[in-house]
Amino acid sequence: MKPLVALLLILLSAGWMRAQVTVEVLTDHEQFLRDESLQLRLRISNRSGQVLKLGQEKDWLIFDVKHLNGSSVDRLAEIPPVGEVELASGEAGSKTFDLMPLFDFNEAGRYQVTATLLIKQWGTEVTSKPVVIEISRGAKVWEQDFGVPGSGEPPEARKYALVQAMYQKRLQLYLRISDLVENVTHKVIQLGPLVSFARPEAQIDAQSRVHVLFQ
């Protein structure tokens, strides 16, 4: 009976520790354009009565991304190191992570994101509630190929495209810069809100600066 009692005490202790440490995945909005920076904040609260130390091990934090049908999304890269995180009892801290380069969000649709903390000092883990985000490809309204100044001979070229997509329930205009076949996206810039009747076009000057015009 004694080994069973000891096991129950360990399980109860681990469950209590999980209840005193919480992790939340937070986002300012739920809709993102494909290849746009997908910034999520990880908020960790410590009410355990002890100092919480995280980040010493490479796998201290795991993000899990799934389609809403339950199928997993391929991981493309590991989470960049953030250094040691130390929270005194009663403290809460936040870290921001960009998930776009870490997972394959190529398919438009809705995704479910959770985060799990591995707390080695207590031999337990804590998982957040899932957060649902939506990835959109947007609608291309203008595009043009243009050479990169000073990139050699023959000159390297980029594809510049104006893309419209929903952001916080409003139509927004984005500039996307990619390679010519759109396999590699170099940058996505949100330009601002767009009214439904506007017809945006762009001009590119000799320094590859983009000037957006509306008709």
Worksheet item: So which pairs qualify, if the first residue must be in the stretch 20-39 and at positive phi, the second must be crowded, with 18+ Cβ neighbours inside 10 Å, the Cβ gap must be under 9 Å, and the two must be at least 6 apart or on different chains?
Response: ASP35/MET100; ASP35/PHE105; ASP35/ARG176; ASP35/SER178; ASP35/VAL188
Practice prompt. Only one of these is more than 21 Å from THR185 (Cβ to Cβ) and surrounded by fewer than 17 Cβ atoms within 10 Å (Cβ to Cβ): ASP59, ASP98, ASP104. Name it.
Written response: ASP59
Fill in: Residues being under 17 Å from THR96 (Cα atoms) and part of a strand (DSSP E or B) - total across the stretch 35-78
13
Practice prompt. List the number of the failed condition for ALA139; all other conditions in (1) in contact (Cβ under 8 Å) with a residue 60 or more places away in the chain; (2) closer than 24 Å to ASP98 by Cα hold.
Written response: (1)
Item to complete: Kindly indicate whether any position in the stretch 13-29 is modelled with pLDDT under 90, in a strand (DSSP E or B), of a type outside the set (Val, Ile, Thr) and more than 25 Å from ARG176 (Cβ to Cβ).
Response: no
Practice prompt. For the stretch 120-160, enumerate the residues that are at pLDDT below 90, of a type in the set (A, V, I, L, M, F, W, C) and surrounded by 14 or more Cβ atoms within 10 Å (Cβ to Cβ).
Written response: TRP122, VAL141, TRP142, PHE146
Fill in: One residue from LEU117, LEU54, LEU38, LEU87 being open to solvent by less than 40 Å² (accessible area, probe 1.4 Å) and under 14 Å from the mean Cα position of the chain (by Cα)
LEU38
Practice prompt. Test GLU78 against the criterion of being under 23 Å from LYS187 (Cα atoms), open to solvent by 40 Å² or more (accessible area, probe 1.4 Å), among the charged types (D, E, K, R) and modelled with pLDDT of 90 or more, and give yes or no.
Written response: yes
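The values are calculated or read from the model by the stated rules, or taken from the named source; none is laboratory data. Worth saying up front: this structure is predicted, and the values here are computed from it rather than measured. As a convention, Cβ positions derive from the backbone with ideal geometry for all residues, glycine included, and neighbour counts pool all protein chains shown. Protein only, heavy atoms only, side chains kept; ligands, DNA and RNA dropped before computing areas. Shrake-Rupley method; radii C 1.70, N 1.55, O 1.52, S 1.80 Å.
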